[in-house]
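Heads up: the structure comes next, in C-alpha cells.
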Amino acid sequence: MTENHENPSPKPLAEPYQTCSICRNFPDRIRVFWKMNELESEPMPPGLGKLRGVGDPFYFPHMATSNRGLVECPECHTCYDWKFEYDYLATGSEDDLEVTRLRPEEAEKRRQAVAQAIKDYHAWFAANIPANLQTLRQSRDYNKVSLAVRFFLTEGMERGCDIECALPELVGILPHIHPESISTVNIRTILRKFAAKSPELKQRILTLLNDHGLGPEHPFHQSLLS
Ligand SMILES: [Zn+2]
C-alpha cells in the first residue's frame, strides 16, 4: 500500500481531557472493585474523587449505596458515566465502581436528560408542597408529620428545591413534637442552613421561634445563634 501524501487525512482534534490536569491519565473505562472492603483491582486513579455530579445536588456520585449517574470533570468538563454497585452477599460485601468516559455526543444527550429530569422533579416537588404544608398545619399524627418534615428536607432542600415557603409551618410544628425526635433534628438542620444564608433569614427564623413560644432561653434558639 502506498501512502497518499497529497491528501493526508486530517489529524483528529485533541479532546479536552487529553490536556486536563485532573483526568488526562484516566483510562476510557475505570473499574475498581472490593470484596469485603479489600481492594481486588488496581486502585482508583488519583483525581477520580474530584469528579462532580451533573445537576448536583439533584445527583451526586457517592459510594454509600448503589447509584448511577452522570459526572463531569470540573476542569475540562469531560463527562463520565458513574456506576457504583454495592452487593451484600452471604459471603461478604462486594463493591464495584465503573467510570466510563463518554463521547461528546453521548455526553450532550445525557446532559439534556439530566436537565429534563431535574425539571420534572421540581414540578413533582412543587405539586406536593400544599399537601405537606397542610399536614404540618393540621396533623398531630407523628408519623405523618415526620414524613412531611422529611419531604421538605430530604426530597426538597437536599435535592436543590427551594423550601423557604415552608419555614412558618416547620417552626409551627416544633412545640407539638418531642424535642429529641428525628423530626426536631431535621427541622433544626433546615433552620440552621437557612439562618446561615443571610442575617435577614436568621432574624426571620428567630422571630418565628419567638412567636411559637421558643424564646431566647430555648436551646433551639441558642443552637441557631451559635
Ligand atoms: Zn478533565
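Computed from the coordinates by the stated procedures, all read-outs in this text should not be read as laboratory data. Given the structure is predicted, the values throughout are model-derived calculations rather than measurements. In this analysis, Cβ positions are derived from the backbone assuming ideal geometry, glycine residues included, and neighbour counts consider all displayed protein chains.
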Aspartates and glutamates with Cα under 17 Å of Lys50, excluding same-chain neighbours fewer than 8 positions away: Asp28, Glu72, Glu75, Asp81, Glu98
Reduced to Cα centres, the span from region 171-226 to region 141-159 in Å works out to 16 Å
Quickly rank 92-104, 163-175 as a protection proxy: mean count of other C-beta atoms within 10 Å, highest first. 163-175, 92-104
In whole Hz, with x marking every Gly and Pro, tabulate ³J(HN,Hα) for region 212-225 from phi via Karplus 6.51 cos²θ - 1.76 cosθ + 1.60, θ = phi - 60°. 9, x, 9, x, x, 7, 6, x, 4, 4, 4, 5, 7, 7
Decide, for region 20-132, between rounded, prolate and oblate: order the square roots of the alpha carbon gyration tensor eigenvalues as a ≥ b ≥ c, take rounded if a/c falls under 1.5, and otherwise choose prolate if a/b is larger than b/c, else oblate. oblate
Please give the FRET efficiency for Arg52 paired with Lys119, using the beta carbon to beta carbon distance and R0 = 30 Å, rounded to the nearest 0.05. 0.90
Lys193: which lysines have alpha carbons under 24 Å from its alpha carbon, excluding same-chain residues fewer than 8 sequence positions away? Lys119, Lys144, Lys202
Compute the length gained on full extension between Met44 and Glu106: take 0.36 nm times their separation in residues and subtract their Cα-Cα distance, giving the result in nm to one decimal. 19.9 nm
By the gyration tensor of its Cα atoms, with a ≥ b ≥ c the square roots of the eigenvalues, what is the shape of the chain: rounded for a/c under 1.5, prolate for a/b over b/c, or oblate? prolate
If you plug each phi of region 133-150 into the Karplus form 6.51 cos²θ - 1.76 cosθ + 1.60 with θ = phi - 60°, what whole-Hz ³J(HN,Hα) values come out, in order, with x for Gly and Pro? 5, 4, 4, 5, 6, 10, 7, 10, 8, 4, 4, 5, 4, 4, 5, 5, 5, 5
Ordered by packing density, taken as the mean number of other Cβ atoms within 10 Å over each peptide's residues, highest first, how do 203-215, 28-40 rank? 203-215, 28-40
Percent of Cα-Cα distances greater than 22 Å, calculated over region 109-225: 35 percent
